[in-house]
Structure formats: C-alpha cells, structure tokens
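Written below as structure tokens is the structure these notes are about.
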Amino acid sequence: MVRRQTRDVRPCIGEAVPAWVVPIVLPTPYPIGPVTVYLLTGDPLTLVDTGPATGVAWRALNAALAERSLRPVDVRRVLLTHAHHDHFGLARRFIRLGASLAAHPGERRNLRLDRGWGLLWCQLGLAGMSVSRRLALFAGLRALDRTARRVSSFEPLVQGQELPHEHGPIRVHHLPGHTPGHVGFELGGEGVAITGDTVLDGRVPNAVVDSDPDRPGEPFQALAAYAATLAYLETLRLRLLMPAHGPCIADVAGQVAALGERQSRRSAQVREVLAGGPATVSDVMTRLFPRVALLGSFLAFSEVLGHILELERRGEVRRLSGHRRDRWELDGRAVQRPG
Ligand SMILES: [Zn+2]
C-alpha cells in the first residue's frame, strides 16, 4: 500500500534490467495502480511478489507466464518483499501448486492478515477518531482483506542471506520502514536489486501502522527504521533499483535525498499544526489531509501517527494522555533548545 494515486505508471522495464529478469505488470484494485512482480528465469524459477488475489491479476499473471511457455505450477519459489495485499495476495495459490514461500519473519502478522483489531481500535480512538468513522474504516479494511489469502507458514529470510540461483546468488537485504519485515533482493553480481515499496519514483512510500514484531503491543517506529534503511541502501552502491510500482530507479542517491527532504517537510507541517496548541492525531490529519477518503484516512492516520511518534522519539513533542484520547503538544524544552 502506498499513499497517493499513481502519476507515472510506466513500469520498470528496459535494457537496464538483466535479461533473465522478467518484470510482469499486474492490475490491482487499489489507488496505487498496477504492481510489478518479477520473474527470475533459470533454476529455480522464482517469482518475487505475486500480485493481489483477484481473478483479473491471476489471469494476467497466467498470460505473462504462458507467453514464455510457462505455467504457475512451474514456479518453484516465491520470495516476498513484504506482506501487503498487492505483493502477497496470490502467494497461497503458489504454495498449493508446490512452490516454496520465503519472507522476513517481521511480516508474519501481515501474512496472517492479523491486524490486531483490538489494539487498532484503541489506537484510532486515542487518535480522536469517532466510533462511526472507526466502524466504517474497519469495514473498508475487511473488504481490502478479501484481496489476499492468509498465509501461516513460510521460510524465514534473514539479513545478508544468499539464496542460490542459476544466475548467481540472490542476497537478502532487510529494509524495514514501509513495513517491519520489508526486504530487498540483490541479484548476484548485477548491481541491481528488487526493492518492493522501499523507494518509489516521485512518491513517498507510506509507513502503514504496524505492531512492532520485537515489542508486542507497541507501534512499530516506522520512520526511524525507514531513515536507517535509506542510509543503508546508499551504502550498497547499486546501479538500479527495480521497484514494485512505477519506473526503474537509476539515481538511487538522488531519490534517497528527495525522500529525506519530503519526510522533513511533512514533519515540519506536523510541528506547525502542533505549534497552534495541543492536538489529537485526528486534528492533525484534518488539517493536513482535509479531503481524504475513507481508506485514505487509514494511510493518513498512519502517516501522521508515524511522524508524531518519531517527533516524540526525538523529544520534540510529548503526549498529554487523556481518558479517551491523547493530545500532543510541542515539547517546550526541545523548542527552546538552541540550534
Ligand atoms: Zn506496500
């Protein structure tokens, strides 16, 4: 899931992509538009991400495989960048056809479609969202969950692991931020990596609210993790990122810098709203995203809460716990701190 409608739907296809890697563009019913999954030809025949569990995506994937005289049953291994519906929806279908499935353990809850409804209900309430809005939002999320099939067992991927492949080892990079267990796959010796929703051309991947896999019951500190991931990505010195949405990314450093700037701007906007006095997450959402639709409101909530938690972690805002809702205010000590 990524906030905002696709502006550029050109997928990552072209000469820069290694000849043995086949990008396959599949339709999704989400505002983001189509998703690109990647078929790694050779032994074992590997699919990175699957597309959502919709009939139209399944048929499009079958057609793309048939163009290469392949069938779904020929896919021996499915690797997941992360467990959002457009990336893993069809995974269970491939498991039933005999493929292995591997993902990072940090995605276990998302793979089970376990949203932690109780905790989410409380979080949305503390954020100042009305009961009727929460009920409507839950109905929307449950409808969204019909576009993925839950998965309960998979092979766990670990940072730095190398998966064997005919065209060279596939190295696993843990890239948390967009989700806790997001990974990228660097393709042996090619200087290229499949990076899911970590870096998208011209768009900021939304840090969707998740529980922290290492601290049960606590929200995942998505923005701090994401900043570290961007810094780590730069150290890999890759010549090309192949994302799940939109065009290939050749200027990795430029995109990373632009993403950092956008995040700082958003953070400044949140601080600006709080400078007017204590506010709930919902108040900040209303100010920053006044016309957001229902499902968009979940992403807007994720975005605002993510920034507020990051500001709290940095000591720039503090929580005023209330009986029914939390309000947030700028931390005077941090504001007065020189520099
Ligand atoms: Zn995603």
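The numbers here are math on the coordinates, done by the rules we state, and not lab data. Since this is a predicted model, take the numbers as computed values, not measurements. Virtual Cβ from ideal backbone geometry, glycine too; neighbours counted across all protein chains shown.
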**OP:** Over every pair of different alpha-carbon atoms in segment 224-268, take the mean of 1/r and invert it; report that Kirkwood radius in Å.
**Re:** 11.3 Å
Subject >> Kirkwood-Stokes translational diffusion coefficient of segment 10-128, alpha-carbon pairs, 37 °C, 0.692 mPa s, µm²/s >> reply: 213 µm²/s
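Determine the shape class of segment 172-211: with a ≥ b ≥ c the square roots of the Cα gyration tensor eigenvalues, call it rounded for a/c under 1.5, and otherwise prolate if a/b is greater than b/c, oblate otherwise.
Details: a/c = 4.92, a/b = 1.57, b/c = 3.13.
Cα axes put segment 172-211 in the oblate bin.
Report the relative contact order of the chain, percent, no decimals, based on alpha-carbon pairs under 8 angstrom and at least 6 residues apart. Spell out each step's value before the answer.
On the way: 644 pairs, mean separation 54.0, N = 339.
Worked out over the chain, it gives 16 percent.
What does the C-alpha gyration tensor say about the overall shape of segment 145-208? Classify as rounded when a/c is under 1.5, otherwise prolate if a/b is larger than b/c, or oblate.
On the way: a/c = 2.06, a/b = 1.26, b/c = 1.64.
Oblate, because a/c is 1.5 or more while a/b does not exceed b/c.
Averaged over all directions, how much area does the convex hull of the C-alpha atoms of segment 107-237 cover when projected, in nm²?
9.8 nm²
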Subject >> Rg and Dmax of the chain, Cα atoms only, in Å >> reply: 20.1, 66
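Per DSSP H run of at least 4 residues, take -39500 (n - 2.57); add these up for the chain, divide by its residues and hand me the 222 nm value, nearest 500 deg cm²/dmol. Don't jump to the answer; show the numbers that get you there.
Numbers: 11 runs with 122 residues, N = 339.
It lands at -11000 deg cm²/dmol.
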Original post:
Within the chain, which cysteines find no other Cys whose Cβ is under 4.7 angstrom from their own?
Top reply: C122
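Would you mind giving the three semi-axes, in whole Å and largest first, of the ellipsoid equivalent to segment 277-336 according to its Cα gyration tensor? Can you show the working numbers first?
Numbers: eigenvalues 96, 30, 20 Å².
Square roots of five times the eigenvalues give 22, 12, 10 Å.
Rounded to two decimal places and with Rh computed the Kirkwood way over Cα pairs, what is Rg over Rh for segment 161-243?
Working: Rg = 13.6 Å, Rh = 13.5 Å.
With Rh from the inverse mean 1/r over Cα pairs, Rg/Rh is 1.01.
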